[in-house]
Amino acid sequence: MKKLGMIIAVIIVVLLLVGCSTATQEPAADTSGDTVVAEDTPEEAAAPEMAEGEKTFADLTVGYAQIGAESEWRTANTASIKEEADKLGVTLKFSDAQQKQENQIAAMRSYIAEGVDVIGFSPVVETGWETVMQEAKDAGIPVIMVDRRADVPRELYATYLGSDFVEEGKKAGDEMNNLLPDGGKIVELVGTVGSAPANDRYSGFRETLNDNIEIIDSQSGDFTRAKGKEVMEAFLKNYGDEITGLYAHNDDMAIGAIQAIEEYGLNPGTDIKIVSIDAVRGAFEAMIDGKLNVTVECNPLLGPQFYDLALRAVNGEELPEWVPSEESVYYPDNAAELLPERQY
Ligand code: AHR
């Protein structure tokens, strides 16, 4: 009995000693013999934990295959990707495909050959990417789709960072309903044929548009100002003042169309109600002038989120399938007040 009591006492003492050594953080010693205090400063405590051997932004080489420079939106998107790389010290290899899929694929192949750490790209159209994305996967290079999505199996990309284009189309439909409560006849300027934003903005819009609004024509303006103007001129030639509304898949096409409507002798924003998407500065200026009725936001400032995801992918983190960007809707009422704050 006495022996059992002794054993219990020894166990209690051992447990107490172990408890004390884990509850207090002992200073760690490095190999130089100097004492290193292991407590974090507030800044360090806020920084993400870096495990040994993990890469930092300064270690990253990123290849980015951009679509082109077709719109104000794209210019802002490119600036965000380039400026953020400079800020973080990321080495960026950047290419502009001039809206051609074959150029984007060639750029991606050269990034694979150069052995970059990550590839980012905005697929100009949804289909035709499997082979090159499989090549990147075989080379062990994570691919991040930015802004636009490609129609490929989940295992071929690390994540997709971008907007909900269907939702943007639905919002545009709601706005057209508000502008034409008694119904009307509208025309549609579609984005680049086969691209995710054109496909989704097309279908989303039709999900919410009221039955008393008829879409009398729908043609592609390729997301550019020049083509938007050209196609609107043809719409006006064919339907004249029958047209009571215009839905443009981006602001640049709407701005081109506004010019065509004025040249035709009608008042954009009044005779023809206009809803478009992007919320670039040019759209705010058009709203201030009373020529555009609504713009639905599509956020191009994706640089910071892109590099954050790129680093996480390179360090082996499993990323979500989709990281959506936050967006809003803007009207003429407070366009003048908001314009100075707009970053794009
Ligand atoms: O993919 C986003 C779209 O591409 C923008 O709405 C358009 O302006 C751009 O060119």
Hey, does the range 62-76 have a residue that's more than 16 Å from the ligand (Cβ to nearest atom) and more than 20 Å from T159 (Cα to Cα)? no
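Only one of E114, E72, E130, E102 is within 25 Å of E321 (Cβ to Cβ) and either buried (at least 21 other Cβ atoms within 10 Å of the Cβ) or assigned by TED's automatic domain parsing to the domain that holds Q305 (or both). Can you tell me which?
Just one listed residue meets the conditions, E130.
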Looking only at the range 127-152, count every residue that is over 15 Å from I112 (Cα atoms) and outside any strand (DSSP E or B) and tell me the total. 8
Suppose we filter the range 303-321 for residues that are under 23 Å from T75 (Cα atoms) and either in contact (Cβ under 8 Å) with a residue 40 or more places away in the chain or surrounded by 22 or more Cβ atoms within 10 Å (Cβ to Cβ) (or both); how many remain? 7
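So that you can scan it fast, the table gives a plain yes or no per residue for (1) out of contact with any Leu (no Cβ under 8 Å at 6 or more places or on another chain); (2) more than 23 Å from S220 (Cβ to Cβ):
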position: Y111; (1), (2): yes, yes
position: G115; (1), (2): yes, yes
position: K137; (1), (2): no, yes
position: V166; (1), (2): yes, no
position: G183; (1), (2): yes, yes
position: T192; (1), (2): yes, no
Being assigned to a helix (DSSP H, G or I) and closer than 17 Å to T295 by Cβ narrows K229, K170, K237 down to just K170
So, of the residues in the range 153-163 that are more than 12 Å from the ligand (Cβ to nearest atom) and in a loop (DSSP other than H, G, I, E, B), which turns out to be surrounded by the fewest Cβ atoms within 10 Å (Cβ to Cβ)? P153
Could you check the range 173-202 and list, in sequence order, the residues that are assigned to a helix (DSSP H, G or I), out of contact with any strand residue (DSSP E or B) (no Cβ under 6 Å at 6 or more places or on another chain) and within 12 Å of the ligand (Cβ to nearest atom)? A196, P197, N199, D200, R201
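For (1) of a type in the set (A, V, I, L, M, F, W, C); (2) out of contact with any Lys or Arg (no Cβ under 6 Å at 6 or more places or on another chain); (3) farther than 18 Å from I144 by Cβ, each residue gets a yes or a no:
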site: A79; (1), (2), (3): yes, yes, yes
site: T91; (1), (2), (3): no, yes, no
site: S95; (1), (2), (3): no, yes, no
site: Q99; (1), (2), (3): no, yes, yes
site: N103; (1), (2), (3): no, yes, yes
site: A107; (1), (2), (3): yes, yes, no
site: D117; (1), (2), (3): no, yes, no
Under 6 Å by Cβ, and 6 or more places apart or on different chains, what pairs join a residue from the range 195-208 that is over 8 Å from H249 (Cα atoms) and in the same structural domain as D278 (by TED's automatic domain parsing) with one that is in a helix (DSSP H, G or I) and away from the ligand (no atom under 14 Å from the Cβ)? G204/K170; F205/G173; E207/K170; T208/K170; T208/G173; T208/D174
The range 257-302, residues that are among the hydroxyl-bearing types (S, T, Y) and surrounded by 24 or more Cβ atoms within 10 Å (Cβ to Cβ): S276, T295
Selection count, the range 281-315, where residues are of a type in the set (S, T, Y) and touching a strand residue (DSSP E or B) at 6+ places or on another chain (Cβ under 7 Å): 1
Subset of the range 257-294 [assigned to a strand (DSSP E or B), within 16 Å of the ligand (Cβ to nearest atom) and either among the hydrophobic types (A, V, I, L, M, F, W, C) or in the same structural domain as R74 (by TED's automatic domain parsing) (or both)]: I274, V275, I277, V294
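The values are calculated or read from the model by the stated rules, or taken from the named source; none is laboratory data. Model, not experiment: these values are computed from the prediction. So basically every Cβ, Gly included, is an ideal-geometry build from the backbone, and we count neighbours across all protein chains shown.
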